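The values are calculated or read from the model by the stated rules, or taken from the named source; none is laboratory data. Since the model is a prediction, treat every value here as computed from it, not as a measurement. Neighbour counts run over all protein chains shown; Cβ positions are idealised from the backbone, glycine included. Please note that ligands, DNA and RNA were not included when accessible areas were found on the heavy atoms of the full protein model with its side chains. Shrake-Rupley method; radii C 1.70, N 1.55, O 1.52, S 1.80 Å.
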Amino acid sequence: MIAKELISPRSVAVIGASDDTSKPGGNALKNLIDTGYSGELYAVNPKNDYVQGIKSYKSADDLPQTDCAILAIPAKMCPQTVEVLCRDKGCRGIVIFSAGFHEESHEGALLEKEITDTVNRYGASLIGPNCIGLITNSYAGVFTHPVSNLSPDGIDIVSGSGATVVFIMEEAVKRGLNFSNVFSVGNSAQIGVEDVLEYLDETFVPGESSPVKLMYIESISNPQKLLRHARSLIAKGARIAAIKAGYSEAGSRAASSHTGALATPDKAVDALFRKAGICRVYSRTELIDMASIFSLPMPKGKNIAVITHAGGPAVMLTDILSSNGINIPHLQGEKAASLLEKLYHGSSVANPIDFLATGTKEQLGYIIDACNNDFDEIDGMAVIFGSPGLTDVSEVYRFILEKMKESPKPIYPILTSVVNAGEAIEEFRKSSGICFSDEVAFGKAFVNMVTTSPEKDADPICNDIDKERIRNIIEQAPCGYLPPESVSALLDAAGIDRVMEHVSTSLDDAVSAAGKMGYPLVMKVVGPVHKTDVGGVALNVSNDRMLEEQFVRMMKIDQAQGVLLQPMLKGTEVFIGAKREGDFGTLVLCGLGGIFVEALGDVSSSLAPFSAEVALGMIRDLRGYKIIQGIRGSEGVNESIFAQLVSRVSSLCAAAPEIMEMDINPLLGNSTQVVAVDARIRIVK
């Protein structure tokens, strides 16, 4: 838990304070003074008795008892200073701006560990090192700007990068957004992004705490902690958007299975965010777009009226909304005709509602009132209003702001004329108006908001899997790829239907097995990982002569240990895979099977365990979903059975976290069954 002295200190000391506000210690002190910090303020500077009018002490040893200290001194001086502050001055909040720690050298890492050991020993809380500090409702403990726009109901920002959080704040100020808490965790020596999220969760009071949380994350050290507290915050009414930088790393790393190549670390991040209900974005601008949309009311449904006096932006907005599952209902009938009569000739109310460039404030009012009162199919309104520069639109923008405050349905203003109506937009924002300048940027943010919610998974574990048998198989198996009989036993224990099969190491045994199974057969070499690549698969083997030819050929393949025989089945090839991704847990994937897994990379994924309901959503998210449904008269795949099997694989992986990689490829599916044809499992203990 983060100490209260870090969040709301009764006294703050700036170690390394200066009259020179171009230095971190100087500007940090100035920020505290300028923002009216109400507690006791101390400075430490060995040369001056007063710094910026604040009494200065020669060293930390001379300070009175202090709740919180901000250090802007060389890295090598920090460990001893922190020891004095925590041991002798009762300091329980430490903020270290200084760089030169683990991000720079081994020696720096040792200094950082010494500091962390000290704060842990005394029960203190550390932000940094190598950060810009933090802003809370009590004080602005940062050396950067801006520190304006502070408000208890502003947005909360948590960042792993100091410079990035400054850039995010600059963009937010430009949009007229306020801040409540800002945390720059820097090296996260003690407190990381997940710990701050935990604090924001445990102190969250619905209706009082900031409902908008933004995160810039460079690394996730505790995925389960992040997941737990993000879900908790969202359940309490908060909304969260995040950037996870570095998503392209290791995307092309070598892997020994289809799943290993497809299940990149970034897919695990995606799955974690989806499970939590975090809106993922990829730029600072998009992050502030999300903060803006979060600051406006959420519509009750996905039916939007696009109100415009310019056709082009309305078409582009309609495109982005409708192509992402947002409805733009067609408005017609008596009430639509009545509204049209109040507008200029040439206007349209079909939706988009275009009241022309010459449309008036009064006409805009008629449209908004009609959407509120006459069209039940409308859940919210996007209002596009710019200016060609011929008239002052300030009055119209004030009118839109008034309508936003009184409208029972949310209004989302898109004020496009950032030059021609720049002053009017600035006035709108200073009056606490949240607006967008680009219709497509708004559309993307709106889609992200209304389509993102935590995965609802009341019963993620399949209770009828044989956990005891699964554990016995795993515990007795060596590391590496399991032999076919162990793979089959695991699938059986998990309730995953598989095709009848037999492994033969002699030709006589193969002929005997074929007589029991009946022709036609599929034959697959046992041993090599990628059977197709080495010619280790034969289809439609229809008699003893063909079986003998293929058996002899396959046993000559390098690393061949035997030949697997299976009945030749028909159906659509689908795929289920799994890959353990460190502390994230196991990522389970599904998609079209066979060669399409590699050729198309069309897979959906989620973190195990999860229910068949979540699995069904994964299946329906596939680009190739129409093939699974059945297209042009072809028989489709039973979605319910497929979803059950995907969920069962997730439960198997939860019961056996030693599974590092797993491929069931293909499964053959039709309208009545989905059967595993080939499977590989690699375990690492």
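Can you pull out every residue in the range 644-685 that is aliphatic (A, V, I, L, M), touching a Pro at 6+ places or on another chain (Cβ under 7 Å) and farther than 15 Å from Val574 by Cβ? Steps first, answer last, please.
Restricting attention to the range 644-685, the residues satisfying the condition of being aliphatic (A, V, I, L, M) are 645-646, 649, 652, 654-656, 659-660, 662, 664, 667-668, 674-677, 679, 681, 683-684.
When the remaining residues are screened for being touching a Pro at 6+ places or on another chain (Cβ under 7 Å), the result is 654, 677.
Selection gives Ala654 alone.
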Q) Quick one: would you say Pro484 is buried (at least 19 other Cβ atoms within 10 Å of the Cβ) and touching a residue at least 60 places away in the same chain (Cβ under 8 Å)? A) yes
Q.
If a residue must be open to solvent by less than 40 Å² (accessible area, probe 1.4 Å) and within 21 Å of Asp156 (Cα to Cα), how many such residues does the range 284-309 contain?
A. 9
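Please work out if Ser219 is of a type in the set (Ser, Thr, Tyr), open to solvent by 50 Å² or more (accessible area, probe 1.4 Å), within 17 Å of the chain's Cα centre (by Cα) and closer than 16 Å to Leu272 by Cβ. I'd like the intermediate steps shown before the answer.
Working: of a type in the set (Ser, Thr, Tyr): yes; open to solvent by 50 Å² or more (accessible area, probe 1.4 Å): yes; within 17 Å of the chain's Cα centre (by Cα): yes; closer than 16 Å to Leu272 by Cβ: yes.
Judged against the criteria, Ser219 is a match.
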Q | Conditions (1) surrounded by fewer than 24 Cβ atoms within 10 Å (Cβ to Cβ); (2) β-branched (Val, Ile, Thr); (3) within 21 Å of the chain's Cα centre (by Cα): number failed by Thr203 | A | (3)
Q. Do we have any residue at all in the range 87-102 that's open to solvent by 10 Å² or more (accessible area, probe 1.4 Å), modelled with pLDDT of 95 or more, more than 14 Å from Leu41 (Cα to Cα) and not in a loop (DSSP other than H, G, I, E, B)?
A. yes
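Going by what's in this entry, would Asp438 be described as buried (at least 16 other Cβ atoms within 10 Å of the Cβ) and of a type in the set (D, E, K, R)? It would help to see each step written out before you state the result.
On the way: buried (at least 16 other Cβ atoms within 10 Å of the Cβ): yes; of a type in the set (D, E, K, R): yes.
Answer is yes for this residue.
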**Q.** Every residue from the range 146-178 that is under 16 Å from Pro211 (Cβ atoms) and either open to solvent by 10 Å² or more (accessible area, probe 1.4 Å) or touching a helix residue (DSSP H, G or I) at 6+ places or on another chain (Cβ under 7 Å) (or both)
**A.** Ser151, Pro152, Asp153, Ile155, Asp156, Ile157, Val158, Ala172, Leu177, Asn178
Q: Mind listing whichever residues of the range 544-562 are over 16 Å from Gly518 (Cα atoms) and open to solvent by less than 90 Å² (accessible area, probe 1.4 Å)?
A: Gln550, Phe551, Val552, Met554, Met555, Ile557, Ala560, Gly562
Q. Considering only the range 427-476, how many residues are β-branched (Val, Ile, Thr) and in a helix (DSSP H, G or I)?
A. 7
(Q) Just to be sure I understand, how many residues within the range 286-324 are part of a loop (DSSP other than H, G, I, E, B), within 30 Å of Ile168 (Cβ to Cβ) and among the hydrophobic types (A, V, I, L, M, F, W, C)? (A) 2
Q) How many residues are at negative phi, without any contact (Cβ under 8 Å) to a residue 40 or more places away in the chain and of a type outside the set (Val, Ile, Thr) if we restrict to the range 542-590? A) 14
Q | strands (runs of 3 or more DSSP E) lying entirely in the range 596-685 (those with 3 or more residues that are in contact (Cβ under 8 Å) with a residue 40 or more places away in the chain and buried (at least 23 other Cβ atoms within 10 Å of the Cβ)) | A | 603-607, 659-669
Q.
Condition first: in a loop (DSSP other than H, G, I, E, B), modelled with pLDDT under 65 and open to solvent by 30 Å² or more (accessible area, probe 1.4 Å). Now tell me which residues in the range 240-283 satisfy that.
A. Ser248, Glu249, Ala250, Gly251, Ser252, Arg253, Ala254, Ala255, Ser256
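Quick check on my filter: what residues within the range 115-147 are among the β-branched types (Val, Ile, Thr) and part of a loop (DSSP other than H, G, I, E, B)? Reasoning before the result, please.
Here is the first cut: in the range 115-147, the residues among the β-branched types (Val, Ile, Thr) are 115-116, 118-119, 127, 132, 135-136, 142, 144, 147.
Ile132, Thr136, Thr144, Val147 - these are the residues of the range 115-147 that are among the β-branched types (Val, Ile, Thr) and part of a loop (DSSP other than H, G, I, E, B).
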Q) In this structure, does Glu107 turn out to be over 25 Å from Asn137 (Cα atoms), modelled with pLDDT under 95, open to solvent by 20 Å² or more (accessible area, probe 1.4 Å) and assigned to a loop (DSSP other than H, G, I, E, B)? A) no
Q: Report the residue count in the range 311-331 for those that are crowded, with 17+ Cβ neighbours inside 10 Å and either in contact with a helix residue (DSSP H, G or I) (Cβ under 7 Å, 6 or more places away or on another chain) or without any contact (Cβ under 8 Å) to a residue 24 or more places away in the chain (or both).
A: 6
